[in-house]
Amino acid sequence: MHCGLKFVTLGLMAGVFALAAPAFQPAAAQSGEPIKIGFSMALTGPLAANGKQALLGMKIWEEETNAKGGLLGRPVKLIYYDDQSNPSTVPAIYTKLLDADKVDLVVSGYATNMVAPAMPVVMQKNKTFISLFALDVNAEFKYPKYFSVLPTGPDTKASFTEGFFQTALEQNPKPTTVALAAEDAEFSRNSCEGARDNAKKFNLKIVYDKTYPPSTTDFSPIVRAVQAANPDLFVICSYPLSSVGMVQTINELNYKPKMVGGAMVGLQATVFKQRLGPKLNGIVNYETWVPTDRQMAPAAEFFKKYQARAGAEGVDPLGYYLGGWGYAYVNMLGEGITATKSVDDDKIAEWLRKTEHKTIMGNWSYGAKGEWTKSGMIQVQYHDVKEGETWKGMNYQTVLTPADLKTGSVIYPYEKAK
């Protein structure tokens, strides 16, 4: 499933490393060498809206930790470089972090497409690797020191669209046909494979199933072809720019399947919500966390800090999609350092594997392949979105699945929510 990504030489990477200097924070009352945690992050390019959220969450953790005296009596220091949302930059960044910067520990950058190319470098160096929102990256590598922070559960690929299909099959009359369109990239191919499995499980006939290049800018031929196939359901597996393009085109062509959405990355970020506005009405799509009272309770203090700083940092003003997760995944590593009283990768990996992790974003534990033992994926439907929507709270979205988080019923068919 992997993309045939090639390693790039450090000489070619000089421009990348100049884009984002390491983040050095002053030590508080600690002594000794800092514990250095290295990673790449999408700070420019199409994934930057999410990558910047994660980074601010990580910075807040770094500052809080140092204010409390650091870890093991040492300050912590995040060292990071901009991967430009470009997978080909990633291997050289991790090589530099480990060989030149001599970081103690590494974590991943954001997104499947950036995590996969880091894996060979991390494995060669025998480092523990906590990934951030990477879909089933370890299926092929089977690396025992890999730990995913993404609430997919053990059935990773299917989890992104399972709630979409469950919701659809509860309708009367039940839908019978589905179209699948996927961007030709690691995440979207993986999630579309899961959607294919879900279609089979729910006895739906697939009437359209094609990928399209990541460079696609005109989505009208795809939407017209799907429209001609006339499916009841239209599942889209996409990265941010094509997610936006698909929603815009569906609206422009006045296409009205009975349900549309599924595994569209980007719609969770405020910048893309603002760009699309009321065009989102009726879309059913995955989420990993939403600000219901129940989910916000353990995270309220963090989001208060994040949102107070977001404007000055030039990042997503709410941080709901990646800000809290950025904090949670590096905090989990920090707890591992404290629990094992070391920065030893083997000891930390063993602790991660056997511990139930209680975080601001929820609780989880690890099973096979370093994936969660239980899914926490959510499907929401956007509705009643007006121009100038603030995107705070839950007034513009309904949680459809899972049952224990459900806040209402789907508006079906899609055109009724328009």
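Here residue 192 clears all of (1) of a type outside the set (A, V, I, L, M); (2) surrounded by fewer than 20 Cβ atoms within 10 Å (Cβ to Cβ); (3) not assigned by TED's automatic domain parsing to the domain that holds residue 54 except the condition numbered (2). Can you name every residue in region 171-186 that is modelled with pLDDT of 95 or more and either among the hydrophobic types (A, V, I, L, M, F, W, C) or assigned to a helix (DSSP H, G or I) (or both)? The answer is 178, 179, 180, 181, 182.
All of (1) on the phi > 0 side of the Ramachandran plot; (2) buried (at least 18 other Cβ atoms within 10 Å of the Cβ) hold for residue 393 with one exception: (2).
Looking for something among the basic types (Lys, Arg), surrounded by fewer than 20 Cβ atoms within 10 Å (Cβ to Cβ) and either touching a Pro at 6+ places or on another chain (Cβ under 8 Å) or assigned by TED's automatic domain parsing to the domain that holds residue 168 (or both) - is there at least one such residue anywhere in region 328-346? Full working, then the answer.
Restricting attention to region 328-346, the residues satisfying the condition of being among the basic types (Lys, Arg) are 341.
Still in the list and also surrounded by fewer than 20 Cβ atoms within 10 Å (Cβ to Cβ): 341.
With the extra rule that they be either touching a Pro at 6+ places or on another chain (Cβ under 8 Å) or assigned by TED's automatic domain parsing to the domain that holds residue 168 (or both), the set shrinks to none.
Taking every residue of region 328-346 in turn, none turns out to be among the basic types (Lys, Arg), surrounded by fewer than 20 Cβ atoms within 10 Å (Cβ to Cβ) and either touching a Pro at 6+ places or on another chain (Cβ under 8 Å) or assigned by TED's automatic domain parsing to the domain that holds residue 168 (or both).
In the list 366, 412, which residue meets the criterion of being in contact (Cβ under 8 Å) with a residue 24 or more places away in the chain and either outside the structural domain of residue 275 (by TED's automatic domain parsing) or closer than 30 Å to residue 39 by Cβ (or both)? Result of the check over 366, 412: 366.
Among residues that are touching a Pro at 6+ places or on another chain (Cβ under 6 Å) and either among the hydroxyl-bearing types (Ser, Thr, Tyr) or under 18 Å from residue 378 (Cβ atoms) (or both), residue 292 is not included. So, in region 143-187, exactly how many residues are surrounded by fewer than 24 Cβ atoms within 10 Å (Cβ to Cβ), in contact with a Pro (Cβ under 7 Å, 6 or more places away or on another chain) and not aliphatic (A, V, I, L, M)? Number of matching residues: 2. Comparison of 407, 398 shows that the only residue that is part of a loop (DSSP other than H, G, I, E, B), modelled with pLDDT of 95 or more and in the same structural domain as residue 272 (by TED's automatic domain parsing) is 407. Just a yes or no: is a residue in region 21-35 of a type in the set (Ser, Thr, Tyr), in the same structural domain as residue 331 (by TED's automatic domain parsing) and at pLDDT 95 or above? Checked against the condition, which is being of a type in the set (Ser, Thr, Tyr), in the same structural domain as residue 331 (by TED's automatic domain parsing) and at pLDDT 95 or above, region 21-35 yields no hits at all.
Of all the listed residues (136, 184), the sole one being acidic (Asp, Glu), touching a residue at least 60 places away in the same chain (Cβ under 8 Å) and under 24 Å from residue 288 (Cα atoms) is 136.
The values are calculated or read from the model by the stated rules, or taken from the named source; none is laboratory data. Note that the coordinates shown come from a computational prediction; the quantities given were computed from them, not determined experimentally. All Cβ positions, glycine included, derive from the backbone under ideal geometry; neighbour counts span all protein chains shown.
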